[in-house]
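Below is one structure, written out as structure tokens; comments come after it.
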Amino acid sequence: MKEILEYLFNHHTLSKSEAKAIMIEIAQNRFNSAEVTAFISVFLMRNITLEELEGFREALLTMAVHVEIDASDALDIVGTGGDGKNTINISTLASFVIAGAGQKVTKHGNYGASTITGSSNVLEALGYEFKKDSQQLNQDLEKANICFLHAPHFHPALLSVGALRRSLGLRTFFNLLGPLVNPAKPKFSVIGVYNLEIARIYQYLLQKDNREFTIVHGLDGYDEISLTGDSKIITKNSEEIYTSQDLGYNTLDPQSIAAGETAYESAKIFKAILEGNGTFEQNAVVIANAAVALYHTKKFGKYEDCLHLAQESLESGKALLSLNNLIN
């Protein structure tokens, strides 16, 4: 590792094959925590390159625990995290709204490393037990229209650096990998990113895949459609900026979509929203993100139709039923 660090500290970057080899060694615990911390620190001082991201991703997918999911047209909606905004768990809430609207979801998530509560923190606080058995995951998908894949169960490298990431409490390149390595390999991916440079790297990488993708970025720094400002939405074939009004709502105050201070508080807010007790602003941001994801599949009509479908899923209790069926 010493030679690698010296090479990187001299402003060099890794090739795809070098990045892949190093990630495999990290997963195999070949380096001590100080060495891994130093390695991660390189990417705190500069952005990751496309080749490095490709190599790290390929390593994780090569080592991933295999899973067989019976859903050829499933969707995942996920943010990189690390935007420092401490919002409610928007993409996870939207996942249940999407499932309640009739679209199968294979949600990939993890504990929060650079945020207070990730999707795994919230679902665990609500009583969900993580699973890695394909049969159990398919049963969840059948009864709830959604299954949840806790990332450390499927990726040895993420498990090996989990404690280190939490102790650092900073956004690292591992934030970028999570949305790219869903072991269920859903057909549709809606990915939120925290800046436009990362959006561009994702775009180049995902263009090489056969699966459909939508990249979303709140231009005021959010890794999701926050409705607090304009949003950029990038697909294989288009790149547009949308105002909050374009997406069906007035612009929101950032404080109106803030999360709790603990996993328990965030889980309480999460459940309240799905139970129909969310504020207008909380509901709006969840519905807008769900609607964009539904529209992305090209199965539910125009965006306005998808917006209505997402609203109906939340307000009718279908999204809550999906959560209850998953947990119970």
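Which of the residues belonging to the stretch 39-55 are open to solvent by 20 Å² or more (accessible area, probe 1.4 Å) and among the aliphatic types (A, V, I, L, M)?
Matches in the stretch 39-55: 44, 45, 50.
Wholly within the stretch 4-86, which helices (runs of 4 or more DSSP H) include no fewer than the required count, namely at least 2 residues that are assigned by the TED database to the domain that holds residue 298, of a type in the set (Ser, Thr, Tyr) and farther than 26 Å from residue 297 by Cα? Write out each step before concluding.
Values: elements: 16-27, 33-45, 50-63.
No helices (runs of 4 or more DSSP H) qualify here.
Quick one: is residue 64 touching a Phe, Trp or Tyr at 6+ places or on another chain (Cβ under 8 Å) and surrounded by fewer than 22 Cβ atoms within 10 Å (Cβ to Cβ)?
Details: touching a Phe, Trp or Tyr at 6+ places or on another chain (Cβ under 8 Å): yes; surrounded by fewer than 22 Cβ atoms within 10 Å (Cβ to Cβ): yes.
Yes.
Can you tell me which condition residue 229 does not meet? The list is (1) assigned to a strand (DSSP E or B); (2) touching a Leu at 6+ places or on another chain (Cβ under 9 Å); (3) over 21 Å from residue 103 (Cβ atoms), and all the others hold.
(1)
Testing residue 134 on (1) surrounded by 23 or more Cβ atoms within 10 Å (Cβ to Cβ); (2) among the small types (Gly, Ala, Ser); (3) more than 23 Å from residue 284 (Cβ to Cβ), one condition comes back false. Which one is that?
(1)
From the list 288, 199, 284, 293, which residue is crowded, with 16+ Cβ neighbours inside 10 Å and either in the same structural domain as residue 44 (by the TED database) or modelled with pLDDT under 95 (or both)?
On the way: 288 fails: either in the same structural domain as residue 44 (by the TED database) or modelled with pLDDT under 95 (or both); 284 fails: either in the same structural domain as residue 44 (by the TED database) or modelled with pLDDT under 95 (or both); 293 fails: either in the same structural domain as residue 44 (by the TED database) or modelled with pLDDT under 95 (or both).
Criteria check complete, one pass: 199.
Among the residues of the stretch 148-190, write down those that are among the charged types (D, E, K, R) and either crowded, with 24+ Cβ neighbours inside 10 Å or on the phi > 0 side of the Ramachandran plot (or both).
In the first step, residues of the stretch 148-190 are kept if they are among the charged types (D, E, K, R); the result is 165-166, 171, 185, 187.
Across the stretch 148-190, the qualifying residue is only 185.
Return yes when residue 58 is within 19 Å of the chain's Cα centre (by Cα), in contact (Cβ under 8 Å) with a residue 24 or more places away in the chain, over 30 Å from residue 324 (Cβ atoms) and open to solvent by 40 Å² or more (accessible area, probe 1.4 Å) and no when it is not. Don't jump to the end; show me each part of the working.
Details: within 19 Å of the chain's Cα centre (by Cα): yes; in contact (Cβ under 8 Å) with a residue 24 or more places away in the chain: yes; over 30 Å from residue 324 (Cβ atoms): yes; open to solvent by 40 Å² or more (accessible area, probe 1.4 Å): yes.
Criteria met by residue 58.
Do we find a residue being within 28 Å of residue 127 (Cα to Cα) and not polar (S, T, N, Q) anywhere in the stretch 230-253? Write out each step before concluding.
Keep residues of the stretch 230-253 that are within 28 Å of residue 127 (Cα to Cα), which gives none.
Within the stretch 230-253, not a single residue is within 28 Å of residue 127 (Cα to Cα) and not polar (S, T, N, Q).
The values are calculated or read from the model by the stated rules, or taken from the named source; none is laboratory data. Given the structure is predicted, the values throughout are model-derived calculations rather than measurements. Glycine gets a Cβ as well: all are built from the backbone with ideal geometry, and neighbour counts include every protein chain shown. These area figures cover heavy atoms from the full protein model, side chains too; ligands, DNA and RNA do not enter into them. Shrake-Rupley method; radii C 1.70, N 1.55, O 1.52, S 1.80 Å.
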